[in-house]
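Q: Got a structure for you, questions after.
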Amino acid sequence: MPFYSYLLSMNIKFKSYNESYFSLSFENQFTEQMLDAVRKVPGRRYLAEERLWLIPDNQNAKNLLLYTLYGTGLFNYEDRKPVEEGARQTVIMRPGGAGDPELSKMKELLEARHYSAHTVSCYLKWIRCFKDFYKGKSVFSQVDINEYLTTLATKAKISASTQNQALAALLFYFRFIKNESELNLTNVVRAKKSERIPVVFSREEVSRIISKMSGTKKLMAKLLYGTGLRLHELLSLRILDVDFERREITVRNGKGAKDRSVMLPLSLVSELREHIETVRHIHNADLKEGFGKVELPFALEKKFPDGGKEFKWQWLFPQKNRWKNKNGEEGRWHLDDSLLQRAVKNAILECGFNKNGSCHTFRHSFATHLLENGYDIRTVQELLGHSDIKTTQIYTHVLNNGPNGVVSPLDRM
């Protein structure tokens, strides 16, 4: 089966793995943006023992992977040269720096406004895509924006939320980079989001799924259901975020750059204490070997140069193997989300449930079961970190006293 080999200047290597996948490995250093780019590819898997990512060997996956890597702004395509191995091709990507000055300015403005790294990466990606769509054009109108968004919806088949994300990036670009004050952007068409009723596990289903799991992943699944955390919020937890005295977990820089607190389930206190002690042993062993430093959030790295070696800043759920960070220092990242997602999917299949569940379904179940137990919807809103009560109200549609609480006239015949 033909495949492509890509050479990146930051030592990202790709090669054939088997008939279904090709592999990706970070040979030297990597950044969070690069990891996020890989995680955007559907069907990717991570092999912890081999320190390899497996990417589906199809053209859509290859195109998306290169597109998202390019969208990080860390690379620029310089040339494409065929190599001597038949259908193979080498794409040389160099670190960005001599790129588009508008994108550099936009990146600075987004970071100055404390947009998350993920949002910055997405916005820059959409502006690059928009410019590629209208190559050679420098003056734009509402018609151009609507034409581009329509193309995304009709040809690229993107969802309404992704279309609105692209629009948000374009609005930022025109207002703050192009300074198009005369361009009335209020009439730009926004996609209407489809209202979907969330998939929810019953209490018995939650119990059976978790019982099929083991080890650290089982503890993580319990926390997802017991706290209502999003998957990335769980993975981003550090040791200092767990407060056993107050029995609460602090979520820092969650969705919308907001902090919040959630309850620490009493039934998990003992298990979580044991897990933290295990992490402490791993961290102490790393320190003895001259490692044990993690990246600190925001500008804390400058304020506390050695803070990354303190135990309190370590990830609550670290990876099994060490990696080299963007500074070339060897350390641990948090567990990759694909490992937990795959474990949950396998548990659901093993239980024989015909629901399209995932890690996020635990969050839906958490909210629904709290409302069923009589908790106030405002309380649930705060625990979930929703900005708008309307987002939380979707769970009222799946309560037992909703459609299931009404007796069908057929059953009364």
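The values are calculated or read from the model by the stated rules, or taken from the named source; none is laboratory data. None of the values given here were measured: they were computed from a predicted structure. As a convention, Cβ positions derive from the backbone with ideal geometry for all residues, glycine included, and neighbour counts pool all protein chains shown. The accessibility values were calculated without ligands, DNA or RNA, using every heavy atom of the protein model including side chains. Shrake-Rupley method; radii C 1.70, N 1.55, O 1.52, S 1.80 Å.
Q: Restricting attention to the range 354-388, report how many residues are open to solvent by 30 Å² or more (accessible area, probe 1.4 Å) and either farther than 19 Å from ARG260 by Cα or modelled with pLDDT under 90 (or both).
A: 9
Q: Which of the helices (runs of 4 or more DSSP H) contained wholly in the range 221-325 include at least 1 residues that are open to solvent by less than 30 Å² (accessible area, probe 1.4 Å)?
A: In the range 221-325, the matching helices (runs of 4 or more DSSP H) lie at 231-235, 269-288.
Q: Among what's in the range 204-220 and is polar (S, T, N, Q) and closer than 20 Å to PRO318 by Cα, pick the residue that is surrounded by the most Cβ atoms within 10 Å (Cβ to Cβ).
A: Of all residues in the range 204-220, those polar (S, T, N, Q) come to 207, 211, 214, 216.
Still in the list and also closer than 20 Å to PRO318 by Cα: 214, 216.
On the way: SER214: 11, THR216: 19.
Taking the candidates together, the pick is THR216.
Q: Do you know which residues across the range 342-353 are under 21 Å from the mean Cα position of the chain (by Cα) and surrounded by 16 or more Cβ atoms within 10 Å (Cβ to Cβ)?
A: ALA343, VAL344
Q: Right, next: List pairs: first in the range 41-52 and in contact (Cβ under 8 Å) with a residue 40 or more places away in the chain, second open to solvent by 80 Å² or more (accessible area, probe 1.4 Å) and not in a strand (DSSP E or B), Cβ under 7 Å, 6+ apart or cross-chain?
A: Cβ pairs passing all conditions: ALA48/LYS320.
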